[in-house]
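Just dropping this structure here.
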């Protein structure tokens, strides 16, 4: 391990009011990030979700036209558990999201609509810690989100957004990447961990297709194990980690 992978994690900034979480699929935020979101909404912060797809290609036994609406319903229910009521879908195709101008434009538009100070996304690198290959969808959306945080503040990039009434927003102060192998900051997961478990369990159809284990046991073991391991670098408290990029 490098020194950066073993040093203590810093607390996440707290001087913000609005955040926007941008990920590729339903369940992306619930695998390890929603305990932090529950704690933030408890504190009165406003958080909205934007998903590039409806996860319609995620369950082998369900055709996309059935799977997409089902996973959208599960995502909305999941978000509500942690205090998030605004959930938007950008209608890119699951499994074949392309990094490029169209994706950057859609995310920049969402940032201009919601005007967040903090943007949250998922691991944009090729691997999960050098151990497992990441999916192209995660890489594309994570990278495009980092770029769109700057695009949103420049009126000469995607000027059509201004013509649509979406004024530039240069108020993004940080982009926080969940699932990074090189995190820098963390949030105490203790207050939100039980709701994080319930939130992920709302994706029951997907989880039952993913594993033959009892869903509640699988979810609780996964999330508590992740939080406990992260907490070893956060004063021994269960934690959710982020790699924080300042702007």
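The values are calculated or read from the model by the stated rules, or taken from the named source; none is laboratory data. From a predicted model like this one, the values you see are computed outputs, not experimental measurements. Cβ: placed from backbone, ideal geometry, glycine included. Neighbour counts: every protein chain shown.
Can you give me the number of residues within region 130-144 that are part of a helix (DSSP H, G or I) and over 14 Å from the mean Cα position of the chain (by Cα)?
The number of residues fulfilling the criteria is 1.
Also, quick follow-up: Out of all the residues in region 210-225, which are at pLDDT 95 or above and part of a helix (DSSP H, G or I)?
Residues satisfying the conditions are 215, 216, 217, 218, 219, 220, 221, 222, 223, 224, 225.
Taking region 29-41 on its own, how many of its residues are touching a strand residue (DSSP E or B) at 6+ places or on another chain (Cβ under 7 Å), part of a loop (DSSP other than H, G, I, E, B) and closer than 15 Å to residue 84 by Cα?
2
To keep it simple, each residue is scored yes or no on (1) modelled with pLDDT of 95 or more; (2) touching a helix residue (DSSP H, G or I) at 6+ places or on another chain (Cβ under 7 Å).
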{"site": "82", "(1), (2)": "yes, yes"}
{"site": "104", "(1), (2)": "yes, yes"}
{"site": "120", "(1), (2)": "yes, no"}
{"site": "131", "(1), (2)": "no, no"}
{"site": "137", "(1), (2)": "yes, no"}
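Right, another one. Select, from 153, 171, the only residue that is over 25 Å from residue 127 (Cβ atoms) and within 20 Å of the chain's Cα centre (by Cα).
After applying the criteria, what remains is 171.
Sticking with this one: Does residue 240 count as surrounded by 20 or more Cβ atoms within 10 Å (Cβ to Cβ), in contact with a strand residue (DSSP E or B) (Cβ under 6 Å, 6 or more places away or on another chain) and closer than 16 Å to residue 28 by Cα?
Yes; evaluated as a whole, the condition is true for this residue.
For residue 117, which of the numbered conditions (1) within 25 Å of residue 168 (Cβ to Cβ); (2) under 16 Å from the mean Cα position of the chain (by Cα); (3) free of Cβ contacts under 8 Å to residues at least 24 places away in the same chain fails to hold?
Result: residue 117 fails condition (3) only.
Please enumerate the residues belonging to region 71-93 that are crowded, with 19+ Cβ neighbours inside 10 Å and assigned to a helix (DSSP H, G or I).
Step one: of region 71-93, the residues crowded, with 19+ Cβ neighbours inside 10 Å are 71, 74-75, 78-79, 81-84, 90, 92.
Scanning region 71-93 gives 71, 74, 75, 78, 79, 81.
I've got another one for you. Looking for something more than 15 Å from residue 148 (Cβ to Cβ) and surrounded by fewer than 17 Cβ atoms within 10 Å (Cβ to Cβ) - is there at least one such residue anywhere in region 20-35?
No: zero hits.
Every residue in region 170-184 that is at negative phi and crowded, with 19+ Cβ neighbours inside 10 Å, please.
Scanning region 170-184 gives 172, 174, 175, 176, 177, 178, 180, 183.
If you don't mind, another one. What number of residues within region 48-70 satisfy the criterion of being surrounded by 14 or more Cβ atoms within 10 Å (Cβ to Cβ) and not in a loop (DSSP other than H, G, I, E, B)?
So the count comes out to 8.
Shifting gears a bit: In region 48-80, what residues are free of Cβ contacts under 8 Å to residues at least 60 places away in the same chain, in contact with a helix residue (DSSP H, G or I) (Cβ under 6 Å, 6 or more places away or on another chain) and within 27 Å of residue 14 (Cβ to Cβ)?
Hit for region 48-80 is 49, nothing else.
Which residues, counting only those in region 94-129, are part of a strand (DSSP E or B) and under 19 Å from residue 72 (Cα atoms)?
121, 122
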